[in-house]
Structures are given as C-alpha cells and as structure tokens.
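See structure below.
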Amino acid sequence: MPGEPDRMRLSPRATTALGAICVGLGLLIVLLAAGVIPSDESRFPFATASAPGAREATGRTTWRSFLLGGAIVGLMAVILNWIAFGPGQRGFSGGLALPFVSVSGPASEWTGRVAFAIGAVLVDVFLVWMTARGLRDLVGRRR
C-alpha cells in the first residue's frame, strides 16, 4: 500500500509461505469434512451436533443458533447490499491471481456494483431461506 512503512510489509517469500500455510490448512479441513482423510469424529468435539447452542440432540434449530446465524448472515447482507445498491460513488479495483502470476487494475463503478449485487442477491436469498427454515423448526416444535 502506498505510504505504508516497509516494516509492515511481508517479503515475497514470507507472503508465499503464509499463503501456502493457509491453503494447506483449508485443504485439510475440506478433505477431513469430505471424508477423503479418515478421522475419528469424537476427536473434534467442537464440530459435533452436541456443541452448546448449535443444535439440540434432536437436530433441531435452537433460538440461540437461529439468532446468532441470522445476525451474522444479516450483517453480511447489509454490507453487500449497501455496496451494490447504496447511494454515492464507489471505487473498485479488480484482479486475477494465479500461482506465480498476478494481474490487477482499476475496475469501473458499474462492474464493481454488479459483482457486489450478485453476491448481495445470493446472500439475501440464503437469509430468507435460513429464516424460513429456522422459524419452521422453532415454531413447529411448539405444536
């Protein structure tokens, strides 16, 4: 970043190493979740359905998980919708990063708003689905 002190920047080698670590850990999580790497699920108690506040043993939504999940997804939706549809000018830049190659440059306001609008609509649809499903689980349980 312009005006940023050199002591705050990582060297290209450190940036590559940090990126490789993040990719490796993410890939490990995906492979464990997909069952490609066999694992004993009892060793991951934080990921089980019995985690406090996540879901009851019956597999139904709790009020705490419903409100927390709604707040998280709702706030993401607010940010995306504000960037895509809110008043005022926006400045965007875009790029393409592949291993050992990176290209970036300015993007038009229209292009940036369209990209954020696509994300906003997807998150909005997910929020509506999540709310309907959660309320169905929570209200239907009382009957």
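Identify all residues within region 79-94 that are under 24 Å from the mean Cα position of the chain (by Cα) and exposed (fewer than 10 other Cβ atoms within 10 Å of the Cβ); write none if there are none.
Filtering region 79-94 for residues under 24 Å from the mean Cα position of the chain (by Cα) gives 79-86, 90-94.
If the condition is that a residue be under 24 Å from the mean Cα position of the chain (by Cα) and exposed (fewer than 10 other Cβ atoms within 10 Å of the Cβ), then G91, S93 are the ones that fit.
Going through region 22-38 one residue at a time, which ones are assigned to a helix (DSSP H, G or I), among the aliphatic types (A, V, I, L, M) and more than 16 Å from S102 (Cβ to Cβ)? Lay out the reasoning, then the answer.
Step one: list which residues in region 22-38 are assigned to a helix (DSSP H, G or I), which gives 22-34.
Okay, now just the ones that are also among the aliphatic types (A, V, I, L, M), so 23, 25, 27-34.
Residues satisfying the conditions are L25, L27, L28, I29, V30, L31, L32, A33, A34.
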Going by what's in this entry, would I72 be described as under 22 Å from the mean Cα position of the chain (by Cα), among the β-branched types (V, I, T) and open to solvent by less than 80 Å² (accessible area, probe 1.4 Å)? no
Cβ-Cβ under 9 Å, sequence separation 6+ or interchain: first residue in region 107-119 and more than 16 Å from A77 (Cβ to Cβ), partner at pLDDT 95 or above and open to solvent by less than 40 Å² (accessible area, probe 1.4 Å). Which pairs? G112/I83; G112/A84; V114/A84
Looking for whichever is closer than 30 Å to A20 by Cα and open to solvent by less than 60 Å² (accessible area, probe 1.4 Å) here; the options are G105, G134. Which one fits? G105
Region 1-21 - residue that is in a helix (DSSP H, G or I) and loosely packed, with under 10 Cβ neighbours inside 10 Å and, of those, modelled with the highest pLDDT: R13
Considering only residues that are under 15 Å from W82 (Cβ atoms) and among the hydrophobic types (A, V, I, L, M, F, W, C), which ones fall in region 119-141? A120, V121, V123, L127
List, please: which pairs have Cβ atoms under 6 Å, are six or more places apart or on different chains, and start with a residue in region 67-96 that is assigned to a helix (DSSP H, G or I) and end with one that is surrounded by 13 or more Cβ atoms within 10 Å (Cβ to Cβ) and among the basic types (K, R)? A84/R113
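The values are calculated or read from the model by the stated rules, or taken from the named source; none is laboratory data. Model, not experiment: these values are computed from the prediction. Note that each Cβ is placed from the backbone with ideal geometry, even for glycine, and that neighbours are counted across all protein chains shown. Keep in mind that these areas ignore ligands, DNA and RNA; they rest on the heavy atoms of the full protein, side chains included. Shrake-Rupley method; radii C 1.70, N 1.55, O 1.52, S 1.80 Å.
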